[in-house]
Structures are given as C-alpha cells and as structure tokens.
1. Scanning segment 57-70 for residues that are more than 12 Å from VAL26 (Cβ to Cβ) and touching a helix residue (DSSP H, G or I) at 6+ places or on another chain (Cβ under 7 Å), which turns out surrounded by the most Cβ atoms within 10 Å (Cβ to Cβ)?
2. From the list GLU506, GLU498, exactly one residue is surrounded by fewer than 22 Cβ atoms within 10 Å (Cβ to Cβ), of a type in the set (D, E, K, R) and part of a loop (DSSP other than H, G, I, E, B). Which is it?
3. Quick one: which of VAL185, VAL169 is of a type in the set (Val, Ile, Thr), touching a residue at least 24 places away in the same chain (Cβ under 8 Å), surrounded by 15 or more Cβ atoms within 10 Å (Cβ to Cβ) and under 30 Å from ARG437 (Cα atoms)?
4. Kindly indicate which of PHE247, PHE226, PHE236 is modelled with pLDDT of 95 or more, under 24 Å from the mean Cα position of the chain (by Cα) and not in a loop (DSSP other than H, G, I, E, B).
5. Condition (residue is over 14 Å from VAL436 (Cα atoms), within 16 Å of ligand 1 (Cβ to nearest atom) and at pLDDT 80 or above) applied to segment 339-356: is it met by at least one residue?
6. I need the full set of residues from segment 262-288 which are of a type in the set (A, V, I, L, M, F, W, C), within 26 Å of the chain's Cα centre (by Cα) and either within 12 Å of ligand 1 (Cβ to nearest atom) or outside any helix (DSSP H, G or I) (or both), in order please.
7. Name the residue that is farthest from CYS382 (Cα to Cα), counting only residues in segment 441-454 that are within 12 Å of ligand 1 (Cβ to nearest atom) and buried (at least 23 other Cβ atoms within 10 Å of the Cβ).
8. Give the number of residues within segment 471-490 that are under 15 Å from PHE23 (Cβ atoms), more than 16 Å from ligand 1 (Cβ to nearest atom) and either hydroxyl-bearing (Ser, Thr, Tyr) or touching a Ser or Thr at 6+ places or on another chain (Cβ under 8 Å) (or both).
Amino acid sequence: MMVPLKRRKVCGPVSDRGTTVKFPYVVIFLVERKMGASRRAFLSRLGRKNGFQVEDDFSDCVTHVISENNSADDVRTWLDLQQKGNVTVELLDICWYTESMEAGCPVEILAKHKLQEVQKVKEESVEFLIPSYACQRRTSLDNHNTNLTDALSHLAENAELNNEDGRAVAFRRAAAVLKALPVKVTSITQLRGLPCLGEHSQRVIKDVIENGVSSEVESTIHSERFKALKLLTGIFGVGAKTADRWFKEGIQNLTQLANSGHDLNRAQQAGLEHYYDLNQPVTKAEAEAIGDIVKKAVLDVLPGSEIILTGGFRRGKITGHDVDFLITHPDEGKEVGLVSKVVSWLTARGLLLYQKNTRNSYLESEDGPAQPPSNMDRFERCFSIFKLEKKEMHSKHLHPGTQSSDQKTSIEHLQYFQANDLSNSQMRPNRNWRAVRVDLVVSPISQFAFAVLGWTGSKLFERELRRWAGQVKSMSLSSHALYDNKQCKYLRATSEEEIFTHLGLEFIPPSERNA
Ligand code: UTP
Ligand code: MN
C-alpha cells in the first residue's frame, strides 16, 4: 500500500533555528578543515540569512558539502569516516557557495564548482558506466539481478517499517543501480565504480553473491517484528506508525487485532474486511476492465474528459497493488468537482466498497513551488475500493482461484487465511466479484503533464527526478509544476518530453522508468 514518504526532519519551510528555508532540496554542510571555525560560523550565518539550510552537524540530510582549500580526496576521506551512507553528496568548492550567496539562490553546479576527484578506479577496470541519478538511466522491467535487488529491497522495506527513511532510500538507490545493469553480476569486482553502493549495501551484495543469501536479510524477514508489521501494514489504511504501535501492544496478526477492541477508522475497517482481495495482485486485464467502467462514468458526467491509466501499469507492469487513473478536461476549470460526480455515478451503481475524496488544494500563488521531498500532492482525488464484477471480465481473464467452494464469514476467513499460505488460491472467497484498490486523480489541463509524470512512477524514479531538479538544476519539481529558482519563474509544459527538456535530461519513456 501507499505510505506517504515522511518529510525529512530538517527540511521544512522553517528550520530549527526559526530562519526560513527557501531551498528545501539543498542542505549544506561547511567543512571546517582549513576554513577555520570563525569563518565557518560567519559563512553559516550568511547562508541562513539568505534562506539556505546550513547544518552544523553532518547527517544523511546533507546534499552539498562545501570546503575551502581542500582536495576532493581529503574531503572524501573525511566523509567516509562519517559512515552516513549518503554517498551521493555534491563535493563543492567554496566558490559555488559565494556565487550562490550573490545570486540569492543555489546556482547551477558547473564543472568549475566541483572538487576534482582523482579517479581512484582506473577506467579500464570499470565494467559498467552508470550515471548516479536514476532519472538519467533507463531501467526496464527485465532485471538481471533479482537475487541482489530482492535482498536490498527487503532491507529497504524493513527500514521503511521502522520509519528510517534515510536508510530505506540508500537501499532503494543501491537496488536501482543493480536493476539498471545489463547482465547478472557474479563477482563483487564487477561493481567497481558504480554509484550509490554504500558500504552496507556492498556487504549485503557480497553475501548474496558468495553465499546465495544474506544472513542479515534472512534474519530480518523471518523476525517476528518484520512479519507482523508487514501483515498489519497490508491492511489498507494502516501505516508503519500504527502497525508499530499495535505490535508494541502485542498485536501480531489480524485475529488479535480484530479481538483487541481497537476502534478502527473507516479505511481500516474496509481494509480488514477486504484484506484477502487487496493483497492479491491486480492483473492488467482487471485494470483495463475497471478502466472501461471509469471511462464510461467520466464521459457520462463530463463529456470531452480524458482519462489515462498511470502508475505501474503505464510502465508496462503486468500486475500491480492498485490501479491509478488520471483524469483531465481540455477546458481548464471544467474538471473542478469531477471526482465527486464520478464517485456518485459509481456509488449509484453499487461499484464502490469504500471511497474517500479530497478536494484540490493546490494554489500556485499560495503554495509556491517548493514541494519538499514528499510525494504528497494536492489534487482532487478519490481513494477507493472498487467492486469488480467477474462478469465485467472476459472469461479468459478470470482469476484461477474463483472456483473455490469455501463459504466463510469474514473473521473465519481471516483466521483460515493466516493459518495458511497467503497465496493459497483456495482461500479466495466464493463470490462473483473481487475488491480492488483504485485511485482516481483529477488534474487541471495546465498541470496535466506534471501530473502524468508524477503519477507514472516508479516511486524511486520520481524521487530521483525531484532530487536532480533540486540539486543539479536548482529547480523545484512536483506533480503540479516546475519552478526555476534561478530565473524565479514557473516553467510550463504540455508534455512529459518538455519537462525532461526543461530538466536537461534525456527523455526516458515510461517502460524504462522501472527504477
Ligand atoms: P503506486 O503506489 O500506485 O505505485 O504509485 P505503482 O508504481 O503504481 O506500483 P503498484 O504496481 O501499484 O504497486 C504510483 C505513482 O503515483 C505516485 C507515486 O509516487 C508513484 O510514482 N503517487 C502516489 C503520488 O504522486 N502521490 C500519492 O499520494 C501516491
Ligand atoms: Mn499503482
């Protein structure tokens, strides 16, 4: 399920010091070595006065490391000692900082600003040349290193369940680099020179290559805590924090939860009720069947509307955890209120098992461009659970488990379900419909290209696009808009291609955004 990414602690619009942070993507650390403490303190104050986030201590949050009269080697050695895992910080000379102070915003990073790193790895010994931001690479669905990426993904998932976002992203980035490799890695030496592989990830990779498994991964995924948190967050409406609280109260499975007397909110009740269905992958055929119905609804309530299937299915995946639709209308403004009309249409026909609408709350003039590294957007939107009748499906697309003769109540069903393998198709309730998570998002046509780009994913690809925009181009990208911090203006676009061009990136088609 979608758990909104937690915002970085120190990256809010107002820093801990009460000064305003104008550029949330840029978190600066000034290296004291050779600069001296008093000059460092002076430069830090200057930066903060200008709206920059300058940290006193080095942490995972830092994106730009600035030094004066140091070699890249010295700074790299110092960084390695910090063991923070963020191996993708920019190492910059003080000239970038002073120019940025003069410009009043972070200036674009040019070659002259970077500390010249002596290539430790000789060119000929490097097997793969992989750029460091995932949005600079093509990542198709055919992954030659699932043994390694599965291991790293488990550790990322575990970190997410523990609310350790910095660690989670480090593992996700490492996995994404391996997904982009053209061949299966069989020796650790092939990884020389690859970006984003922190010391911890390398250890895990080495373990898997040499022993077939990583002992850390094995003990993590078989731990009671991981199993319980995964089961509990498998309930629609339950995030990592809630699951953790319940786990600490001794709740480890659905029966214990049902018997705990906890008041579940409406989403969680629906999530529990449809637990089985919502944890079954949604097929492309099911997504298309739902698409046909939603399209009918949309065109019925607002002729001329456009609707597209986004998310993983747009990237070519053949199954997904939900179905994501994006809707717009060529006349700006006509789309306002569309979600509730579509929801009424669907509700009147008994097609929704659950729905929660949010209005569009994005106002360019008020919200401004800076959307910190959160992927929450402000569109008019409906989170729903769709009731998909089997008769809507062509018979050849029917789920193999539909012939089950079990007739069980919800709670019996859950108990049975837990006692058995989650994938046991015999556990499928015998009925002529299934529940499917569906997201309906409505965008004004002026924001549509940004919305399509933002909703196509993958999540890591999106995150990397925003990081690239902020760190390299000094721009702020969201699912609503792109803002250029140097020119102090919004950059408009009517297609994804135009957005890539604004960002100075080669266009990557959806099927190659599977980072
Ligand atoms: P999903 O979570 O649906 O992922 O978000 P997915 O890639 O389709 O994967 P599966 O197959 O369903 O598991 C789709 C995209 O929508 C964005 C996410 O960042 C992702 O890129 N999204 C999701 C948002 O922008 N905002 C949200 O609130 C939720
Ligand atoms: Mn999806």
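The values are calculated or read from the model by the stated rules, or taken from the named source; none is laboratory data. Since we're looking at a predicted model, the values are computed, not measured. Counting neighbours? That spans all protein chains shown, and the Cβs are built from the backbone with ideal geometry, glycine included. These area figures cover heavy atoms from the full protein model, side chains too; ligands, DNA and RNA do not enter into them. Shrake-Rupley method; radii C 1.70, N 1.55, O 1.52, S 1.80 Å.
1. SER67
2. The unique qualifying residue is GLU506.
3. One residue alone meets the criteria, VAL169.
4. Going through PHE247, PHE226, PHE236 in turn, the sole match is PHE226.
5. yes
6. Those that are of a type in the set (A, V, I, L, M, F, W, C), within 26 Å of the chain's Cα centre (by Cα) and either within 12 Å of ligand 1 (Cβ to nearest atom) or outside any helix (DSSP H, G or I) (or both): LEU278, VAL282, ALA287.
7. Applying the filter and picking the extreme gives LEU453.
8. Residues meeting the conditions: 6.
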